[in-house]
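Visitor: One structure, as structure tokens, below. Some questions next.
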Amino acid sequence: MNRAAGIALAFSAAVCLSSMTAMAAPFPLPDGARAEQRAAHEIDGWARDDHARAFAIFARGCMADPPLRQAVPLPDILAAVCDKAKALAAKGNVGRDQARGFFEQNFSFWRIRPAGADTGFTTGYFEPEFEGSLKRTDAFPTPLYDRPKDLVTRFPEDDWPGLEKTLSAARRTERGLEPFPDRTAIETGALDGQGLEILWLRDPVDRFVLQVQGSGRVRLPDGSVTRLTYSGRNGHPYTSLGRVLSQREAIPPEQMTMDRLVARLKADPAFARDLIRLNESFVFFARRDDLPAESGPIGGAGLPLTPLRSIAIDRTAWPYGLPVWIDTTIPDGAGGDEHLARLMIAQDTGSAILGPARMDLFVGSGPAAGHRAGLIRHPVSFTVLWPR
């Protein structure tokens, strides 16, 4: 199946299309969502952005082959523009004006408005760093697991009779596909004896944060650092613990930051265990000691992420590699705000990132980035650049 046919099939299976929207835009949208074409000169801040930085990221490629997490298939038209960018970059340094011209000449601009809203919504995420060990010790008793060999990831076109449609993965057995063990089962020994442990962390709270972010750095007792990348999940639906705690303890949602959630969990291990197990989703990792220390984590597209230039998108709605112009005001992490109007590249995805104008902004690595990422829950103007 070619890419164009694949993307049409994936979209038709995933969404109900509005005929008016489908006729207006060169891509399908969920019923009720709107796509309004804009000219580049009509976009406030477009001329002031450093397009060369976005171009350099885009020219690395739309996605690895295969990507780390499957998304809707890459359209031929977008793959062709990616190849064109690679060829241009190979000729030498591409400056701001040339990069700006490249995007204006090769893309049309479409402001996306979700059903019932004028703007999209963004959260933030980061690459955490924890202390850990390559062997189990009293100080580091909580295991991280490699991807199980019997784990099967579900693709949009897969029909799994007898299994819940909410399951995004399953276990292959002699009897056929079965639901994979949920978090509680895994934490109580469902994977014991398979040799899947790749390292150990201090407690389940550190593991929970690492699984939510999807990647991380672990500092070992000898001072060296190993990198972890996403390698799969058990397929059970994701539950937001921040939302659960906010409802249980009457905490206003805008005050439920990741810092506050982690502090609450760290203060009461038994409470933390029970709350974390409400999230049945469980993420598996792979060690990547080959990644340079200065490199960003590997996103769902299989490529390194760049702080404040890489975003995660709904992988059932958009392909990787898509340039997206965003305009939002977010916390700067130091008590103030920053107006962010710039060109981003869609290089990642996440279980909670659902909707045509829903995104997650990669903030960076380490505690400061984590603090700032946890504060971001803001409206965003979301403009897709679709290849001409």
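Visitor: What number of residues within segment 226-260 are farther than 20 Å from Thr184 by Cα and in a helix (DSSP H, G or I)?
Guide: 9
Visitor: I'd like the full set of residues that are open to solvent by 40 Å² or more (accessible area, probe 1.4 Å), outside any strand (DSSP E or B) and over 17 Å from Pro221 (Cα atoms), limited to segment 116-149.
Guide: The answer is Gly116, Asp118, Thr119, Asp146, Arg147, Lys149.
Each row is one residue, and each column tells you yes or no for (1) part of a helix (DSSP H, G or I); (2) open to solvent by 60 Å² or more (accessible area, probe 1.4 Å); (3) in contact with a helix residue (DSSP H, G or I) (Cβ under 9 Å, 6 or more places away or on another chain).
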{"site": "Gly32", "(1), (2), (3)": "no, no, yes"}
{"site": "Arg53", "(1), (2), (3)": "yes, yes, yes"}
{"site": "Cys62", "(1), (2), (3)": "no, no, yes"}
{"site": "Leu78", "(1), (2), (3)": "yes, no, yes"}
{"site": "Asp83", "(1), (2), (3)": "yes, yes, no"}
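Visitor: I'd like the full set of residues that are among the polar types (S, T, N, Q), surrounded by 17 or more Cβ atoms within 10 Å (Cβ to Cβ) and touching a residue at least 40 places away in the same chain (Cβ under 8 Å), limited to segment 230-256.
Guide: Ser231, Asn234, Thr239
Visitor: Pick out the one residue from Arg202, Arg219, Arg227 that is in contact (Cβ under 8 Å) with a residue 24 or more places away in the chain and buried (at least 19 other Cβ atoms within 10 Å of the Cβ).
Guide: Arg227
Visitor: Which of the residues that make up segment 150-170 are surrounded by 17 or more Cβ atoms within 10 Å (Cβ to Cβ) and not hydrophobic (A, V, I, L, M, F, W, C)?
Guide: Once the filter is applied, which keeps residues that are surrounded by 17 or more Cβ atoms within 10 Å (Cβ to Cβ) and not hydrophobic (A, V, I, L, M, F, W, C), segment 150-170 yields Arg154, Pro156, Ser168.
Visitor: Condition check: farther than 23 Å from Ala369 by Cα, open to solvent by 60 Å² or more (accessible area, probe 1.4 Å), touching a strand residue (DSSP E or B) at 6+ places or on another chain (Cβ under 7 Å) and not aliphatic (A, V, I, L, M). Does Pro269 satisfy that?
Guide: no
Visitor: Output the residues belonging to segment 356-379 that are among the hydrophobic types (A, V, I, L, M, F, W, C) and either within 17 Å of Pro253 (Cβ to Cβ) or in a loop (DSSP other than H, G, I, E, B) (or both).
Guide: If the condition is that a residue be among the hydrophobic types (A, V, I, L, M, F, W, C) and either within 17 Å of Pro253 (Cβ to Cβ) or in a loop (DSSP other than H, G, I, E, B) (or both), then Ala357, Ala373, Leu375, Ile376 are the ones that fit.
Visitor: Further question on the same structure: Being in contact with a helix residue (DSSP H, G or I) (Cβ under 7 Å, 6 or more places away or on another chain), at pLDDT below 90 and either assigned to a helix (DSSP H, G or I) or of a type in the set (Gly, Ala, Ser) (or both), is that true of even one residue in segment 2-10?
Guide: Yes.
Visitor: Select from segment 208-230 the residues that are over 13 Å from the mean Cα position of the chain (by Cα) and of a type in the set (Ser, Thr, Tyr) and write down the one among them that is farthest from Arg277 (Cα to Cα).
Guide: Only one residue fits best here, namely Ser224.
Visitor: Within segment 344-368, track down each residue that is of a type in the set (A, V, I, L, M), farther than 24 Å from Gly235 by Cβ and surrounded by fewer than 22 Cβ atoms within 10 Å (Cβ to Cβ).
Guide: The one that is of a type in the set (A, V, I, L, M), farther than 24 Å from Gly235 by Cβ and surrounded by fewer than 22 Cβ atoms within 10 Å (Cβ to Cβ): Ala368.
The values are calculated or read from the model by the stated rules, or taken from the named source; none is laboratory data. Quantities reported herein were computed from a predicted structural model and do not represent experimental measurements. So basically every Cβ, Gly included, is an ideal-geometry build from the backbone, and we count neighbours across all protein chains shown. Note: areas computed on protein heavy atoms with side chains; ligands, DNA, RNA excluded. Shrake-Rupley method; radii C 1.70, N 1.55, O 1.52, S 1.80 Å.
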